[in-house]
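The values are calculated or read from the model by the stated rules, or taken from the named source; none is laboratory data. Owing to the predicted nature of the structure, the values given are computational and were not obtained by experimental measurement. Because the Cβ atoms are built from the backbone with ideal geometry, glycine has one as well, and the counts that use them run over all protein chains shown.
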Amino acid sequence: MKVASSICAVLLTAICWLQPAHADKPLLDGISKRLQPSSPQSGTFEQRKFLQILPLPLASEGTFALSEEGELVWTVTAPVHSQLTFGKEGITQMVDGKESWSVGADQAGASSLGNIMRALLSADWSVLQEYFHIRGELNQDSWKLGLTPAESGLSAAIVRVDLQGNHYLRQIQLLEHNGDRTEISLTPAAVPLDQ
């Protein structure tokens, strides 16, 4: 619960007045061709939050689902149960079936945070280019992207977001200016063994 809340807090406070950035089109086209059409719309995750003040990371795991309507539901199942919903109305966190907090889409950063989270999971490069400079590499069996904030509001909190994958997005790493970092491993639902 605290890990998901801290990620939201960092991104919410950082997102303001963002300007478009452009990436290498052949690189992104190559990655798009490699990705499965539904890459990934739902699955499981393992998340580790490394805080400078703690000797060991905070670990959590759960599920995620991105609906056709664009609503992302990020559910932490362990060590506690909580659910973040990124929708058109804003962001809501539920803990034990009760609303813990929410922020409306009209509040600074909430709409942008939802857009970024949905774009990361659906490989929507045009949306990500609104917020980040994108660089990377495409190899025979894998790809890597480094997203650096395109505007000072976002870069005040985030140094870089690193993405790695093959036919699916597999890893997200968020590096913060304060030295903290978040690592998320994704496993899409119903992945064939050779993928």
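Okay, here's what the table says:
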read-out	value
Residue tally, condition buried (at least 16 other Cβ atoms within 10 Å of the Cβ) and under 19 Å from GLU61 (Cα atoms), over segment 96-131	4
Among the residues listed as GLN140, GLN171, the single one being surrounded by fewer than 19 Cβ atoms within 10 Å (Cβ to Cβ), of a type outside the set (A, V, I, L, M) and assigned to a strand (DSSP E or B)	GLN171
Residue list for segment 86-137, restricted to those being assigned to a loop (DSSP other than H, G, I, E, B), among the small types (Gly, Ala, Ser) and over 20 Å from ASP24 (Cβ atoms)	GLY97, ALA105, ALA108, GLY109
Search result, residues across segment 183-195 that are touching a Pro at 6+ places or on another chain (Cβ under 9 Å), crowded, with 18+ Cβ neighbours inside 10 Å and modelled with pLDDT of 90 or more	LEU186
Count of residues meeting criterion [within 27 Å of ASP29 (Cβ to Cβ) and either part of a strand (DSSP E or B) or free of Cβ contacts under 8 Å to residues at least 40 places away in the same chain (or both)] in segment 174-190	8
Residues that are among the hydroxyl-bearing types (Ser, Thr, Tyr) and either surrounded by fewer than 17 Cβ atoms within 10 Å (Cβ to Cβ) or at pLDDT 90 or above (or both), drawn from segment 17-41	SER32, SER38
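A quick yes/no check of all residues on (1) in contact (Cβ under 8 Å) with a residue 60 or more places away in the chain; (2) over 14 Å from the mean Cα position of the chain (by Cα):
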| position | (1), (2) |
| --- | --- |
| THR77 | no, yes |
| SER82 | yes, yes |
| ARG118 | no, no |
| GLY136 | yes, yes |
